[in-house]
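Have a look at the structure below before the remarks.
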Amino acid sequence: MSLAALPPALHASHAGVWLADEDGAVVSLQRGEALAKAAETPLLLVNAPLLGSRLSYPDLSGLDLLELFAFLFPAQFVIPTVAGLARSMGLAPPASDSEAALLIPALAREMLEWAGRADWAEREGAWTSLKQLEKLRWSWVPFLRERIAMPKEAERWLFSRLPQWEEQPPRPQPRPVVLDEAEILARLAELTGKAAETRQGQRDFAHAAAATFDPRGRENMPNMVLAEAGTGIGKTLGYLAPATLWAERAGGAVWISTYTKALQRQLDRETRRHYPNDAAFRKHVVIRKGRENYLCLLNLEDALQGGFAGRAAILAQFVARWAGYSRDGDMVGGDLPGWLPALFRRAGATALTDRRGECIYAGCPHFRTCFIERATRASQGADIVIANHALVLINAARGRETQGAPTRIIFDEGHHLFDAADSTFGAALTGREAIELRRWIMGPETERRGRRRGLAARLSDVASYDADGAEAIDDAREAARALPGEEWLRRVVEHGPFGAIEKLLSAVRDTVYARAEREGKEADPGYGLEVDLTEIDGDLIDAATEAAAALEALLAPLQRLTKRLVAVIEVAPDWLDGPARARIDGAISALGWRCDLLMSWIALLLRVGSAPDAQFVDWLAVDRAEGREYDIGLHRHWLDPTKPLAEVVLKPAHGVLVTSATLRAGGDIETAAERSGAAHLARPPLWFDVASPFDYARQSEVMIVTDLKRGDLPALAGAYARLIEAAGGGTLGLFTAIRRLRSVQARIADRLARAGLPLYAQHVDPFDPATLIDMFRDDPRASLLGTDALRDGIDVPGESLRLVVMEGVPWAKPSVLHAARRVASGGASAYDDRLVRARLAQAFGRLIRRADDAGQFVILSAAMPSRLLTAFPADVPILRVPLDEAIARVRSRLGSDANLGQEAPESLESRMQAPE
């Protein structure tokens, strides 16, 4: 099909709808006209899910240029907008919505021409993939069929393209070394650039961080450093200097743990300063995540062979093409475009990862090319392992790292360490958790496509060899019938539970609603309900006792099976070759942590009706969203989760650095020690702090709006709109409730769009936060509304973020756990104040990211207590002003002086020509 035969292009925003026809004319359409046009024939468009939300028609489809881009340039980054595609293709971005509509056909032609270029880097595999997509009737096939010629030789495609990992010998224990200060500073100068003047604060930070790498004096007494380094100090390079130096001298690995994917990406970039050669970088630096983040090749093979249908099958073909070019197979935050699953309404994306722990390890035909196994083995020989708090804590708790726990750990974004420990060491017996355990044990119980294997299928060879093992598998399958089955929630809600655990969940639900009604908590169905585990009636106690017995009946055969598998390894029969041994080792590991899970559930149930344990907080919950129940269960958390953190993670280590710009978490040094686990160590930590080098008095100000009535949604929406207009965009709006965010977005989106100010919103637009942040960062006239996920950990320097607006004081949401910790802290408001100060400091930290940034921070609440204002840097001007004055100050400071220019990202041409 010729390029001249391209259909018209459709573009929509909150400001209207535009159609560019075949002759290059652009007309404005009404919503109904646009939908009728789209129904008549596939139209060219960019980002169908986003256009669908703008037109209130989520099923909108057509010739989406993002799909074409993903096919042509797998594993390449692009902002999922017309402007983003234009910059990537080396074209000027549009200046208006009508220009965007006119630019779409030009972009389509430019992209289609790449398919015929001799220097198209991703040509290999394209013809094979296109043939598969033709069978699935992908809309772009007619335009690509004549442009992608059949190769002269058979293409390497997907599985044949992937490199195999190699076994590495065990790494010896690191040598004890003491780093010289001069060498550390020389390494820091190398990382920052010889011509750059290293900041004194960064030098001091690097020196303090080096104490982490000193040999420890005694067992269980790590060298622990708590370091609060203000924004702009450059702490990433500050700790990378001693970390890379120690790794080379000692022959050990340094694990750098983060809380957000944004910081992982930053560390990926920063470590390349020391390993500029790509081969050296891949050898020495590894990014590790939980296995549920990576593409499972066996799941993908099943999907490609008929396990997926419709749009999900097309998505599987795209993922297969991406996998052949991906750096590490990371589907969540890696080089798979975050917007790609959204184009297919997320159909099938999660089914391509190993989220149920069904891995068959060496029994998998793709074991030697597995992305997960490759990352695991690479981390055993790497100098720098970039991970996240959850993975580091879970691996320590389960003891699953084959090379032992890391001896040196750096926890960046350390103010989140308490929350990560709280999640890792808590226990939750819920319907969702229990049904996943049943599926893992029993496999598929209904006719459905896809690979969901149970224990019997995964261990069939063991069962045929070992009668006791076979009996244990059968007993486990029978005992697992007490766990919730398909449609368990419907049966519980309709008071027809089946099995001991469903009966328990039914009793939990009845108890929660009865107590909530007595305590007046049932008024708002949009939120979950929870009550503490006190005043429990006999029905719940009986149900808990019966459920505990059922779980014990399941635990016993799983433990027996574990022992039989260990015995098989020891006996080593003839059929136990290397792959079989690896598969059984994997099964032993998986059984081990599921037995631990069952024991935690049993311990929780045995506490029902007993005197409370002072170390724990137990409660019952019904989880709801927008009036719909989605889970029910019992929960147990440590009152102080840093106790297990200290025992399991900190004490075995030799050195630990915990650092953050807000490490005090709204309190003092003692607070930092308590929330990091350092308070539970025999040896006190080394404390270091250095203030931000920014001139906050000149670069920023905080305004507290005094005349906005609490609860007045129209007034709140009007305030947001006027402030965003005054700033000319570049605004991050933060909310404490999704419902208010959606209400404000619905009221102001059209108004802002008519002023040429795009608005994106978390929980409204059909994209993950990372994609929304990319879209926000790309356009300095855009604004973004969000909740907690956007309050911390996002890095948007420059003009794209020059105003932060908070709807009110971010008080902690009342909960059983919060109330218990508040009482434990003394019961005063000081505990709540500390949490709020930490959140305010984190939110303010989004505003000024570099020395030439300038911006304002607005809180739309007259009820902001003065005692909380210490959350902000001491030299920040703080004013209490009416809304009109706040708007005037924003307009005078940001509206007229804002430089709305932006740096264009690299085009495909420049990326293609760049040296490897």
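All of the numbers you see were taken from the coordinates with simple rules; none came from a lab. Values in this document were obtained by computation on a predicted structure and should not be read as measured data. Glycine gets a Cβ as well: all are built from the backbone with ideal geometry, and neighbour counts include every protein chain shown.
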Legend entry - Descending semi-axes in whole angstrom, ellipsoid equivalent of region 696-895, from the Cα gyration tensor: 26, 19, 17
Inset, instruction - Rounded to the nearest 0.05, what FRET efficiency do Ile541 and Arg161 give with R0 = 51 Å and r taken as the Cβ-Cβ distance? Could you check? - result: 0.30
Inset, instruction - Find which of Thr271, Ser464, Val796 sits farthest along the positive direction of the dipole of the chain, computed with +1 on the beta-carbon of Lys and Arg, -1 on that of Asp and Glu, about the Cα centre. - result: Thr271
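Can you say what percent of the DSSP beta bridges in the chain, counting only those with both residues inside, are antiparallel? Round to 5. Walk me through the intermediate numbers first.
On the way: 30 of 83 bridges.
So the antiparallel bridges in the chain amount to around 35 percent.
How big is the Rg/Rh ratio for region 218-317, C-alpha atoms only, Rh by Kirkwood, two decimals?
The Rg/Rh ratio comes out at 1.14.
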Legend entry - region 295-360-region 200-257 distance, computed between alpha-carbon centres (Å): 38
Legend entry - In range of the label at Arg117: residues from region 59-83 whose backbone nitrogen is under 17 Å from the point 7 Å along Cα→Cβ: 66, 68-79
Legend entry - Distance between region 725-746 and region 805-834 - C-alpha centres, whole angstrom: 24
Legend entry - Cross-link reach list, aspartates and glutamates versus Lys37, counting only Cα pairs under 12 Å and skipping chain neighbours closer than eight places: Asp21
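What size of dipole, in debye to the nearest 20, comes out for region 446-600 about its Cα centre when the only charges are +1 on Lys and Arg C-beta atoms and -1 on Asp and Glu C-beta atoms? Present the calculation step by step, with values, prior to reporting the outcome.
Working: 21 positive and 30 negative charges, 160 e Å.
That gives region 446-600 a dipole magnitude of about 760 debye.
Among Val492, Val26, Val796, Val508, which comes first, then next, by fewest other beta-carbon atoms within 10 Å? Could the numbers behind the result be given before it?
Working: Val492 24, Val26 18, Val796 21, Val508 27.
Least to most surrounded, the residues fall as Val26, Val796, Val492, Val508.
Arrange the following residues from fewest to most other Cβ atoms within 10 Å of their Cβ: Ser892, Ser506.
Ser892, Ser506
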Inset, instruction - Please state, as a whole number in µm²/s, the translational diffusion coefficient that the Stokes-Einstein equation yields for the chain at 20 °C and 1.002 mPa s, with Rh defined as the Kirkwood radius across alpha carbon pairs. - result: 71
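Viscosity 1.306 mPa s, temperature 10 °C: Stokes-Einstein D of region 446-600 from its Kirkwood Cα radius, in µm² per second?
87
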Inset, instruction - Quick one: check the C-alpha center-to-center distance for region 412-484 versus region 674-719, whole angstrom. - result: 42
Inset, instruction - Please compute P(r) over all alpha-carbon pairs of region 323-380, binned at 10 Å starting from zero, and give each bin as a whole-number percent. - result: 19, 49, 29, 3
Legend entry - Peptide ranges 46-52, 836-842 listed from the most packed, as the mean C-beta count within 10 angstrom indicates: 46-52, 836-842
Inset, instruction - Give me the distance in nm between label points sitting 7 Å out from Cα along the Cα-to-Cβ direction at Ile669 and Ala888, one decimal. - result: 4.6
Legend entry - Computed over region 477-557, Cα set: Rg, Dmax in Å: 14.1, 45
Legend entry - Relative frequency of Cα-Cα separations exceeding 24 Å in region 3-123, percent: 22
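Listing Arg822, Arg581, Arg710 from the residue with the fewest other Cβ atoms within 10 Å to the one with the most, what is the order?
Working: Arg822 18, Arg581 15, Arg710 11.
Arranged by neighbour count, lowest to highest, Arg822, Arg581, Arg710 become Arg710, Arg581, Arg822.
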Legend entry - Cα Rg, Dmax (largest Cα-Cα span) when computed across region 802-863, Å: 14.6, 44
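For region 684-766, what percent of Cα pairs sit more than 20 Å apart?
Values: 1618 of 3403 pairs.
The proportion of pairs with Cα distances above 20 Å equals 48 percent.
Report, in order of residue number, the helices in the chain meeting two criteria: a C-alpha extent of 30 Å or more along the helix axis, and a mean Kyte-Doolittle hydropathy of at least 0.5; treat each whole DSSP H run as one helix. All intermediate terms of the calculation are to be shown ahead of the outcome.
Numbers: long enough: 538-571 (50 Å, 0.80); 578-606 (42 Å, 0.79).
Within the chain the helices that satisfy the rule are 538-571, 578-606.
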Legend entry - Nearby lysines by direct alpha-carbon distance to Lys152 (threshold 18 angstrom, same-chain neighbours under 8 apart not counted): Lys131
Legend entry - Calculated [θ] (222 nm, deg cm²/dmol) that DSSP helices of n ≥ 4 give over the chain, each run adding -39,500 (n - 2.57): -13000 deg cm²/dmol
Inset, instruction - With a point put 7 Å past each Cα toward its Cβ, work out how far Ile878 is from Asp21 in nm, to one decimal. - result: 6.1
Legend entry - Distance (nanometres) between label positions extended 7 Å along Cα→Cβ at Ala556 and Asp574: 3.7
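What is the extension gain from Phe498 to Ala467, computed as 0.36 nm multiplied by their sequence separation minus the C-alpha to C-alpha distance, in nm to one decimal? Let's see the in-between values first.
On the way: separation 31, 0.36 × 31 = 11.16 nm, distance 3.10 nm.
Here the segment from Phe498 to Ala467 would lengthen by 8.1 nm.
Suppose every Lys and Arg Cβ carries +1 and every Asp and Glu Cβ carries -1, with no other charges. What dipole size does the chain come out with about its Cα centre, to the nearest 20 debye? Mind dumping the intermediate values first?
Working: 110 positive and 122 negative charges, 117 e Å.
I would put it at about 560 debye.
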Inset, instruction - Using +1 at the Cβ of each Lys and Arg and -1 at the Cβ of each Asp and Glu in region 814-896, identify which of Leu835, Ser892, Leu847 lies farthest towards the dipole's positive end. - result: Leu835
